[in-house]
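Engineer: One structure is given below, represented as structure tokens, and several questions about it will come after.
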Amino acid sequence: MESSFQFETPGGFETFAELAIGINRDAAYLLFDSLEGNKTIDSNAILHIDLMEATPQVPEKMLTKGCMLDQLARNIRLITREVFRQKNLKIYEM
């Protein structure tokens, strides 16, 4: 699954970054749920975070949150820390 980051432009929303957050669907939903932002998107939310699931055809948007710039920074930090934790703990699993 991926987390896609978008900002609003005069032509609509455009993706500026994507982070792979792993193949564990439950872990991805839990991580996305812990991100800051508002699930109710309004006109003030010029930054969006989407939870995307890869499908054989095209990626499918599962969830969206609107956020402010400071929330986006904290969310990217949280995603990076969690993915790093998951990848490093795999070393010790048997």
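Engineer: Through the Karplus equation 6.51 cos²θ - 1.76 cosθ + 1.60, θ set to phi - 60°, convert the phi angles of the range 75-83 into ³J(HN,Hα) values in whole Hz; use x for Gly and Pro.
Structural biologist: 5, 5, 4, 5, 4, 4, 5, 5, 5
Engineer: Moving to a separate point now. Residue-wise, which Karplus ³J(HN,Hα) couplings in Hz belong to the range 10-15, taking 6.51 cos²θ - 1.76 cosθ + 1.60, θ = phi - 60°, and x for glycine or proline?
Structural biologist: These are the phi-based 3J(HN,Hα) values: x, x, x, 7, 10, 6 Hz.
Engineer: Residue separation times 0.36 nm, minus the C-alpha to C-alpha distance between THR9 and GLU36: what's the value?
Structural biologist: Full-extension gain reported as 7.5 nm.
Engineer: Would you mind checking which residues have amide H under 5 Å from LEU35's amide H? H placed 1.01 Å from N; only 5 or more apart, or other chain.
Structural biologist: The list, which skips near neighbours in sequence, is empty: none.
Engineer: Let me ask something else about it. Using the beta-carbon distance between LEU78 and VAL58 and R0 = 35 Å, what value does 1/(1 + (r/R0)^6) give for FRET efficiency, to the nearest 0.05?
Structural biologist: Numbers: r = 27 Å, r/R0 = 0.76.
After rounding to 0.05, the efficiency reads 0.85.
Engineer: Picking from GLY37, GLY12, GLY22, which is most flexible by a Gaussian network model of the chain using Cα springs under 10 Å?
Structural biologist: Of GLY37, GLY12, GLY22, the most mobile in the Gaussian network model is GLY12.
Engineer: Just to compare against my own numbers: the Cα pair-distance distribution for the chain, 5 Å bins, whole % per bin, please.
Structural biologist: For the chain, the binned pair fractions read 3, 13, 24, 25, 17, 11, 5, 2, 1, 0, 0 percent.
Engineer: Turning to a different aspect of this structure: Under 17 Å Cα to Cα from LYS87, which aspartates and glutamates show up? Leave out anything in the same chain fewer than 8 places away.
Structural biologist: Here the aspartates and glutamates satisfying the reach criterion relative to LYS87 are GLU2, ASP26.
Engineer: A further question on this structure: Could you run the Karplus curve 6.51 cos²θ - 1.76 cosθ + 1.60 with θ = phi - 60° over the range 22-28 and give me ³J(HN,Hα) per residue in whole Hz, x for Gly and Pro?
Structural biologist: Listing the rounded values in order: x, 9, 7, 4, 4, 5, 5 Hz.
Taken together, the values in this text are just the output of simple stated rules run on the coordinates, not laboratory data. All figures in this text were calculated on a predicted structure; none of them were measured in a lab. Positions of Cβ are generated from backbone atoms using ideal geometry, with glycine treated the same way; all protein chains shown enter the neighbour counts.
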